[in-house]
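Data first, discussion second: the structure below is written as structure tokens.
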Amino acid sequence: MTFNVVIPARYESTRLPGKPLLDIAGIPMVIRTAMRANESGAKVIIIATDDSRIMDAAQRYGFDALMTDNDHMSGTDRVLDISNQKGWLSDEIIINVQGDEPLIDPELIKSIAKALQEINVNYVTACSNFTDFEEYLNPNNVKVICDKNKFALEFYRDPIVKNKKYWNSEKNFHHIGIYGYTKKLLDDFCNLPISNLEKKLKLEQLRALENNLPLMVLNFKGKIHRGVDTPEDLSVIRKYFES
């Protein structure tokens, strides 16, 4: 099984300036992510950035990095930029791993790649079961509803169910922000217009649903650690590595 991993790493962040280079037990966060991705068996791992400081960090730790356009609207556009720079063919399998996932499970990355190879799909993401109702209520945790064939029907932030008594943990899943696609699907996706709902919720996968692009959702049973979006998330991750 051969596949490529691209890690988008934009320097600017509203809540955490310079987020990709934040120190996690002595190593920049994006490098921690790349180290985990390296355990997945990917043929190629490339950090896609817009800042020379991230390029320098990647080189110090022996990872490939390429500069991408400053004006890209999303990490997916940055992944396409890398794919074009590398001249990857239309059937190449590409996994988009977020740069703020220093504890991403390598088995999750492999599962996404395996699905693209063995199932007749060209666009895959993942989900997990919520650990409790409070986690479900948090609007920072994106929810996904799937059909019986494991294809996404809806993504949302604000909880639909407000009373725990009526909550069914087997129907509402926690979306995991990892994507796998063929190069052709990536080309098609990035040429679609950005929808109003996508802008409002800041969920680019809604573009796929609004344009009838089938998006398979794997229910991953391994350990899931939250990415780093807030100072609180950063504190939790640092404590994890300290322990």
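Would you mention how many residues in region 110-127 are buried (at least 22 other Cβ atoms within 10 Å of the Cβ) and part of a loop (DSSP other than H, G, I, E, B)?
The qualifying residues number 0.
Please go through region 42-78 and pick out each residue that is farther than 21 Å from GLY18 by Cβ and β-branched (Val, Ile, Thr).
VAL44, ILE45, THR76
Identify all residues within region 183-216 that are of a type in the set (Val, Ile, Thr) and over 26 Å from PRO159 (Cβ atoms); write none if there are none.
Listed by number, the list is empty, since nothing qualifies.
For region 158-189, what are the residues that are in contact with a Leu (Cβ under 6 Å, 6 or more places away or on another chain) and either crowded, with 21+ Cβ neighbours inside 10 Å or modelled with pLDDT of 95 or more (or both)?
Of everything in region 158-189, those that are in contact with a Leu (Cβ under 6 Å, 6 or more places away or on another chain) and either crowded, with 21+ Cβ neighbours inside 10 Å or modelled with pLDDT of 95 or more (or both) turn out to be GLY180, LEU186.
Do we find that ASP50 is farther than 26 Å from CYS127 by Cα and surrounded by 15 or more Cβ atoms within 10 Å (Cβ to Cβ) in this structure?
For ASP50, the condition - farther than 26 Å from CYS127 by Cα and surrounded by 15 or more Cβ atoms within 10 Å (Cβ to Cβ) - is met.
Go through region 190-223 and report how many residues are over 17 Å from PHE151 (Cα atoms) and surrounded by 18 or more Cβ atoms within 10 Å (Cβ to Cβ).
Counting residues in region 190-223 that are over 17 Å from PHE151 (Cα atoms) and surrounded by 18 or more Cβ atoms within 10 Å (Cβ to Cβ) gives 2.
Looking only at region 200-217, how many residues end up being under 14 Å from the mean Cα position of the chain (by Cα) and either without any contact (Cβ under 8 Å) to a residue 40 or more places away in the chain or closer than 15 Å to PRO106 by Cα (or both)?
1
So which pairs qualify, if the first residue must be in region 44-65 and of a type in the set (S, T, N, Q), the second must be assigned to a helix (DSSP H, G or I) and modelled with pLDDT of 95 or more, the Cβ gap must be under 7 Å, and the two must be at least 6 apart or on different chains?
From residues that are of a type in the set (S, T, N, Q), the pairs are THR49/MET55.
Look at region 12-26 and say how many of its residues are within 18 Å of the chain's Cα centre (by Cα) and surrounded by fewer than 17 Cβ atoms within 10 Å (Cβ to Cβ).
2
Residue by residue through region 20-41, note down the ones that are touching a helix residue (DSSP H, G or I) at 6+ places or on another chain (Cβ under 7 Å) and touching a residue at least 40 places away in the same chain (Cβ under 8 Å).
PRO20, LEU22, ILE24, ALA25, MET29, VAL30, ARG36, ALA37, GLU39, SER40, GLY41
The values are calculated or read from the model by the stated rules, or taken from the named source; none is laboratory data. A quick note: this is a predicted structure, and the numbers were derived from the prediction, not measured. For neighbour counting, all protein chains shown are included, and Cβ atoms are generated from backbone atoms with ideal geometry for every residue, glycine included.
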